[in-house]
Amino acid sequence: MNVKGNQNRDEAPVVFSKVYCCNRNGFVKKKDDAKRIRKLHVKLGQKGCPCKLVVKKRLNSEVYEMEYHHLHSHSTGLDNIKYTKISKDVKEFAKTLFSEGYTFDRVRHGIDESDEFKLRDQVMDDRSLKSIQQQISKMKWALNKEDFPSLRIWVEKLREAGNFFYFNPDNDGKFEIAFTSALGKLKIDECHKVVCMDSTHNTTLYEGYQLFSLITQNKFGKGVPVAFMITNDRTSKPLKSFLIKFKELCPTVGVFITDNDSSEIEAITEVFPRPF
């Protein structure tokens, strides 16, 4: 249940009033400018749950009056448990495991299989755990408490180390950042033989981000990563920019290996004609 309301400042017999709402009615969050915004645990266009308990105290009375609206706009059985807040014990358990480097799936499995936690914790929405994971990640790795300033600082560190290629943010929230490593810089001159491109999703806590890697082969026949790009743009545009920059460092490539991804093939064939 969430608490909302305050003392009634109107000149009325009721001198104190509080309303306890169902958790799926939503909650009020204060912003820096003191404005309040209501967020609902329901889909847009729907109203929050009307179930509530109204508590009042009148002038010169020690009795608290209570008015209970018992009807919910949703089921109250197991289907509703996932909307309740997770327990403090589970939060501490998740924080400890995420701090030790455990993956999301391992932490989730540990909670689901444990006999120490309540049923509501075991059927909770994944978003509750992802929020904890994101907080721990920021504490361990973030260079600033805000994402974009942290990214800017990282870019400068890459630039100082000589491992920076480029960073292209735009006004629509799309961006791409390309970089290499100390070992990658040493091996780029060997990329004229063969280069493999591959992409991996879900490498960060943010949905829709992709990591692209360019890998060449060393003299022992082992793969060596030489360049990387992170982007949230799913088109071939960032890939073309990435490959154009890579072409400046390695103008000719004997063979390009990739999977059957149309955006990758389009970008490669445009920047490196007949690369397959």
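Values for this structure:
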item: Given (1) surrounded by 12 or more Cβ atoms within 10 Å (Cβ to Cβ); (2) at pLDDT below 85, index of the condition ASN232 fails; result: (2)
item: Identity of the residue in the stretch 235-276, in contact with a His (Cβ under 9 Å, 6 or more places away or on another chain) and surrounded by 14 or more Cβ atoms within 10 Å (Cβ to Cβ), that ends up modelled with the lowest pLDDT; result: VAL253
item: Leading residue by the ranking (modelled with the highest pLDDT) among those in the stretch 206-217 that are among the polar types (S, T, N, Q) and under 13 Å from VAL195 (Cβ atoms); result: SER213
item: Enumeration of residues in the stretch 196-236 that are assigned to a loop (DSSP other than H, G, I, E, B), closer than 24 Å to TRP141 by Cβ, of a type in the set (D, E, K, R) and touching a residue at least 12 places away in the same chain (Cβ under 8 Å); result: ASP233
item: The stretch 63-90, subset at pLDDT 85 or above and of a type in the set (D, E, K, R), residue nearest to CYS22 (Cα to Cα); result: GLU67
item: Among the candidates ILE153, ILE132, residue that is over 16 Å from the mean Cα position of the chain (by Cα) and of a type in the set (A, V, I, L, M); result: ILE153
item: Single unsatisfied condition, GLY110 versus (1) of a type outside the set (Phe, Trp, Tyr); (2) surrounded by 14 or more Cβ atoms within 10 Å (Cβ to Cβ); (3) under 23 Å from LEU129 (Cβ atoms); (4) at pLDDT below 80; result: (4)
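The values are calculated or read from the model by the stated rules, or taken from the named source; none is laboratory data. On a predicted model such as this, the values are computed, not experimentally measured, just so you know. Cβ: placed from backbone, ideal geometry, glycine included. Neighbour counts: every protein chain shown.
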